[in-house]
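**Student:** My questions will all concern the structure given below.
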Amino acid sequence: MDVRVRYAPSPTGLQHIGGIRTALFNYFFARANGGKFILRVEDTDRERYSDESLEDLYSTLEWLGIKWDEGPVVGGPYGPYIQSERFDIYREYAQRLVDEGKAYYCFCTPERLEELRKEQAASKSEYQGYDRHCAHLSDSEIKELLRQGIKPVIRFRVPTEGKTTFHDILMGDITRRNRDISPDPVILKSDGFPTYHLANVIDDHLMKITHIMRAQEWIPSGPLHVLLYEAFGWEVPQYCHLPMVMGKDGQKLSKRHGSTAVRDFRAKGYLPEAIINYVTLVGWSLDGETEFFSKEDLEKCFTMEGIHKAPAVFDYKKLDWFNGQYIRQADNARLSSLIAPYLEEAGYVSKPLTDSDKALVEKIVPPVKERMKVLSDVVPLTAFLFEDNAVTDKAIYIAKGSDETKTGEALRKGSCILLSGLKGGEKEEVIEEKLSSLAAELGIKVNGVFQPIRVAITNSTVSLPLFDSIRLLGMDETEKRLARAVKLFEEN
Ligand code: GLU
Ligand code: ZN
């Protein structure tokens, strides 16, 4: 069998972690099986549709390097791939169900349906939903209502007896009593727009989709979809509903946990390879052990068997860790062009970069590369080079286990050791050695000497390595800032 899978998002919001995980699983499953990955835009909900979310869909997939074999823009043999361009198809198939008695026109007014809802709620009746009022209208009644110009919806006749089972590769058989399925749902609205269920089933069939991998929240729609396939006389594709994506607290991942839009991760400076690697591990594993996967690896080794049943936790810290790893692996020229926009945005360099800015950015890359978790970290890490906000709170200079007097001494003597060492061309290790001896002499830990020096030079307790910072800042400026700190501790 030729595998054909699809990612079928509704452009009603930004692409988020859960959605993109669905896209990745489908994409890798297709690639690993020599199949086709199809992109379909399910934009039947015109009220919630936005151009912005459609653009976000395209740009996010492009950024991740996920190419679709068939779909919008690229086309394909079963297009169009945007549902709003397929309304004629849905109307035709809905009419076919009406002609065969498997669906029917309903002329009920919104007022009547509202009335019904209220009554059912008030009487706490076990039966909720449409009362099948129009299920048995005669041909002449229908003709008359149509003649009056009333535009009907089309409802699908759900059997009242029996059960419907659908098979899920992960979950096994899922069975529901037909009478528990929503009674006779609308499949085509009075304006001729299909509802999600109809369009989704028709398209999966016409586009020859073999496996439906989608979020678990679609499981409740499964039985209805199976009934629709059966009504059309079509083969049901294989289902594989994907484990939920949760936050660390066991609740469904949402904005409460942090960013969920891929666009936000991108803006903060996550690399696409880190997102791909980590997000694919949310609910999937190869052997329970291997952690690093490139996109190319996954295109070969992704398996459906590796998908977990249990809900999966999205761990922001773990993603940061992966991102840090990928930043350290990235080559310096690429990193230069990736960090430049953050420095431009901060106003630290000009836009476009001048030649000297370019040289500076290149110099910044090697030390920041070791310290960044996300690319935007470059701004706080290099702020000391572009703006001089001297720390005036002495407490910040004072390391644990030290005190004000010793810190003042550490700064005074430490500055001399450092500056004369550097000017005299001493090796960094030698200077470090001497600074450590100074700490011993003062009866404090090494950090009691290094911390105040670092704060003096970089105006911060989190910074680049000391000698890298000095190299970037230059000797004159370093000397000036050290002297300033020494003076701060001399004042009372
Ligand atoms: N348009 C649906 C969504 O946005 C697709 C569900 C499916 O994959 O069948 O989630
Ligand atoms: Zn009706």
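**Student:** Working carefully through the options Arg112, Arg117, Arg86, find the one that is open to solvent by less than 30 Å² (accessible area, probe 1.4 Å) and either farther than 21 Å from Pro159 by Cβ or of a type in the set (A, V, I, L, M) (or both).
**Tutor:** So the residue among Arg112, Arg117, Arg86 that is open to solvent by less than 30 Å² (accessible area, probe 1.4 Å) and either farther than 21 Å from Pro159 by Cβ or of a type in the set (A, V, I, L, M) (or both) is Arg86.
**Student:** Return yes or no: is His257 under 19 Å from Asn26 (Cβ atoms) and either under 13 Å from the mean Cα position of the chain (by Cα) or open to solvent by 60 Å² or more (accessible area, probe 1.4 Å) (or both)?
**Tutor:** Against the criterion (under 19 Å from Asn26 (Cβ atoms) and either under 13 Å from the mean Cα position of the chain (by Cα) or open to solvent by 60 Å² or more (accessible area, probe 1.4 Å) (or both)), His257 does not qualify.
**Student:** Right, here's the next one. Please specify each residue of segment 206-225 satisfying the condition of being touching a residue at least 60 places away in the same chain (Cβ under 8 Å), within 13 Å of ligand 1 (Cβ to nearest atom) and of a type outside the set (Lys, Arg).
**Tutor:** Selection gives Met207, Ile209, His211, Ile212, Met213, Ala215, Leu224.
**Student:** Looking at segment 374-390 only, could you name the residues that are within 17 Å of Thr461 (Cβ to Cβ) and either surrounded by 18 or more Cβ atoms within 10 Å (Cβ to Cβ) or in contact with a Phe, Trp or Tyr (Cβ under 6 Å, 6 or more places away or on another chain) (or both)?
**Tutor:** Asp377, Val379, Leu381, Thr382, Phe384, Leu385
**Student:** Would you confirm whether or not segment 228-235 contains a residue that is more than 10 Å from ligand 1 (Cβ to nearest atom), closer than 20 Å to Pro11 by Cα and either open to solvent by less than 10 Å² (accessible area, probe 1.4 Å) or assigned to a loop (DSSP other than H, G, I, E, B) (or both)?
**Tutor:** Within segment 228-235, not a single residue is more than 10 Å from ligand 1 (Cβ to nearest atom), closer than 20 Å to Pro11 by Cα and either open to solvent by less than 10 Å² (accessible area, probe 1.4 Å) or assigned to a loop (DSSP other than H, G, I, E, B) (or both).
**Student:** On to the next question. If you check Leu438, Leu411, Leu418, Leu422, which single one turns out to be of a type in the set (A, V, I, L, M, F, W, C), more than 30 Å from Ile275 (Cβ to Cβ) and surrounded by fewer than 18 Cβ atoms within 10 Å (Cβ to Cβ)?
**Tutor:** Going through Leu438, Leu411, Leu418, Leu422 in turn, just one is of a type in the set (A, V, I, L, M, F, W, C), more than 30 Å from Ile275 (Cβ to Cβ) and surrounded by fewer than 18 Cβ atoms within 10 Å (Cβ to Cβ): Leu422.
**Student:** Only residues that are among the small types (Gly, Ala, Ser), in a loop (DSSP other than H, G, I, E, B) and either without any contact (Cβ under 8 Å) to a residue 40 or more places away in the chain or open to solvent by less than 10 Å² (accessible area, probe 1.4 Å) (or both): list them for segment 339-373, please.
**Tutor:** Gly347, Ser350
**Student:** Still on this structure, please answer the following. Checking the conditions here, which among Asp203, Asp249 is in contact (Cβ under 8 Å) with a residue 60 or more places away in the chain, acidic (Asp, Glu) and away from ligand 2 (no atom under 16 Å from the Cβ)?
**Tutor:** Asp203
**Student:** Give me a count of the residues in segment 120-142 that are open to solvent by 50 Å² or more (accessible area, probe 1.4 Å) and either in contact with a Ser or Thr (Cβ under 7 Å, 6 or more places away or on another chain) or under 14 Å from Tyr104 (Cβ atoms) (or both).
**Tutor:** The number of residues fulfilling the criteria is 6.
**Student:** In segment 161-175, how many are in a strand (DSSP E or B) and either among the hydrophobic types (A, V, I, L, M, F, W, C) or open to solvent by 30 Å² or more (accessible area, probe 1.4 Å) (or both)?
**Tutor:** Summing the residues that are in a strand (DSSP E or B) and either among the hydrophobic types (A, V, I, L, M, F, W, C) or open to solvent by 30 Å² or more (accessible area, probe 1.4 Å) (or both) in segment 161-175 gives 7.
**Student:** Kindly indicate the residue of segment 97-109 that is open to solvent by less than 30 Å² (accessible area, probe 1.4 Å) and either of a type in the set (Phe, Trp, Tyr) or part of a loop (DSSP other than H, G, I, E, B) (or both) and also farthest from ligand 1 (Cβ to nearest atom) among those meeting that condition.
**Tutor:** Phe107
**Student:** Right, another one. In the list Leu54, Leu64, Leu14, which residue meets the criterion of being more than 25 Å from Leu170 (Cα to Cα), open to solvent by less than 10 Å² (accessible area, probe 1.4 Å) and away from ligand 2 (no atom under 16 Å from the Cβ)?
**Tutor:** Of Leu54, Leu64, Leu14, the one residue that is more than 25 Å from Leu170 (Cα to Cα), open to solvent by less than 10 Å² (accessible area, probe 1.4 Å) and away from ligand 2 (no atom under 16 Å from the Cβ) is Leu64.
The values are calculated or read from the model by the stated rules, or taken from the named source; none is laboratory data. Computed from a predicted model, the values in this text were never measured in an experiment. Quick reminder, even Gly has a Cβ in these numbers, built from the backbone with ideal geometry, and neighbours come from all protein chains shown. Side chains are part of the model used for accessible areas, which takes the heavy atoms of the whole protein and leaves out ligands, DNA and RNA. Shrake-Rupley method; radii C 1.70, N 1.55, O 1.52, S 1.80 Å.
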